[in-house]
Amino acid sequence: KQQPAIDAFTNFLNGKGFAKNITPNKPAQSEDYIYIFDLNCRNITLPGIDAFTLFDLNDDGIPELVTDGYTMDVFSYDNGELKMIYSSPAGSSSLKYLLASKKIYWSLATTGVSYEIASFDKNLNVTIDTYFDGKTEQVGDEEIFYHNENKITESEFYKLMSAFMAPHFFKSPDTVWYAYNTPN
């Protein structure tokens, strides 16, 4: 049951296969298909990915390929077809975690702080929940705090933000990440 998926993932990682691109706005050479060379390492000048793991996100006994680089991407195998089903927001300074809860956590702190959590149902449909999108702004001597573009108090801001930094939330899954070298 797992071997055809593993074979398809291996071909993809070796540059000998492609995945159907069903993620919105994922740039690739083709609108319909994505190749390993369409992905980028954290160092965006390098094609490919930094690491990958196989992890069953929907408990069907068939692992998904999860790649980590400039984005964290998820590929599924179903009925002989490899599909890219999720791509995190981009950012070389973003933090991306695969969680034991079988979700993907993404955060970015630039002009503000944004957090996104991607959940996968039994059919690998993806639900994106942006739980926190906050920023601060200096106006004269006053610092103004925002959550989802609405003004809030400083204490509300830090209370909401700390909910996403709770240590129990970041429990890592029992999986091995493998370093990846882009094939020539």
*Do we have any residue at all in segment 2-15 that's free of Cβ contacts under 8 Å to residues at least 40 places away in the same chain, within 22 Å of TRP106 (Cβ to Cβ) and either part of a strand (DSSP E or B) or not hydroxyl-bearing (Ser, Thr, Tyr) (or both)?*
no
_Of everything in segment 51-73, what is under 18 Å from PRO4 (Cα atoms), open to solvent by 10 Å² or more (accessible area, probe 1.4 Å) and of a type in the set (D, E, K, R)? Give them in sequence order._
ASP56, ASP59, ASP60
*Got at least one residue in segment 28-43 being assigned to a loop (DSSP other than H, G, I, E, B) and either under 19 Å from SER119 (Cα atoms) or of a type in the set (Ser, Thr, Tyr) (or both)?*
yes
*Would you check if ASP174 is open to solvent by 90 Å² or more (accessible area, probe 1.4 Å), of a type in the set (Asp, Glu) and closer than 25 Å to ARG42 by Cα?*
yes
_Within segment 89-104, does at least one residue satisfy the condition of being in a strand (DSSP E or B), open to solvent by 30 Å² or more (accessible area, probe 1.4 Å) and not hydrophobic (A, V, I, L, M, F, W, C)?_
yes
_Scan of segment 126-145 for residues that are surrounded by 11 or more Cβ atoms within 10 Å (Cβ to Cβ), modelled with pLDDT of 90 or more and closer than 30 Å to ASP73 by Cα, ordered by number_ = VAL126
*Taking the residues in segment 114-125 that are of a type in the set (S, T, N, Q) and surrounded by 13 or more Cβ atoms within 10 Å (Cβ to Cβ) as candidates, determine which candidate is nearest to SER76 (Cα to Cα).*
SER119
*asked:* Exactly one condition in (1) open to solvent by less than 70 Å² (accessible area, probe 1.4 Å); (2) part of a helix (DSSP H, G or I) is false for LYS159; which is it?
replied: (1)
_List the residue pairs whose Cβ atoms are under 6 Å apart, where the first residue sits in segment 156-184 and is at pLDDT below 80, the second is assigned to a loop (DSSP other than H, G, I, E, B) and surrounded by 10 or more Cβ atoms within 10 Å (Cβ to Cβ), and the two are 6 or more positions apart or on different chains._
THR182/GLY48; PRO183/ASN14; PRO183/GLY15
*asked:* Looking for something aliphatic (A, V, I, L, M), in contact with a Gly (Cβ under 7 Å, 6 or more places away or on another chain), part of a loop (DSSP other than H, G, I, E, B) and under 29 Å from LYS171 (Cβ atoms) - is there at least one such residue anywhere in segment 55-73?
replied: no
*Name the residues in segment 68-103 that are touching a residue at least 60 places away in the same chain (Cβ under 8 Å) and charged (D, E, K, R), would you?*
ASP68, GLU81, LYS83, LYS102
*Taking interchain pairs and intrachain pairs at least six residues apart, which have beta carbon atoms under 6 angstrom, with the first residue in segment 32-59 and closer than 15 Å to SER93 by Cα and the second surrounded by 15 or more Cβ atoms within 10 Å (Cβ to Cβ) and acidic (Asp, Glu)?*
CYS41/ASP50; ARG42/ASP50; ASP50/ASP68
_Residue among THR127, THR136 that alone is of a type outside the set (D, E, K, R), free of Cβ contacts under 8 Å to residues at least 12 places away in the same chain and in a strand (DSSP E or B)_ = THR127
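The values are calculated or read from the model by the stated rules, or taken from the named source; none is laboratory data. Remember, it's a predicted structure, so these values are computed and weren't measured experimentally. Note that we place each Cβ from the backbone using ideal geometry, even for glycine, and neighbour counts take in every protein chain shown. For accessibility, only protein heavy atoms count, side chains too; no ligands or nucleic acids. Shrake-Rupley method; radii C 1.70, N 1.55, O 1.52, S 1.80 Å.
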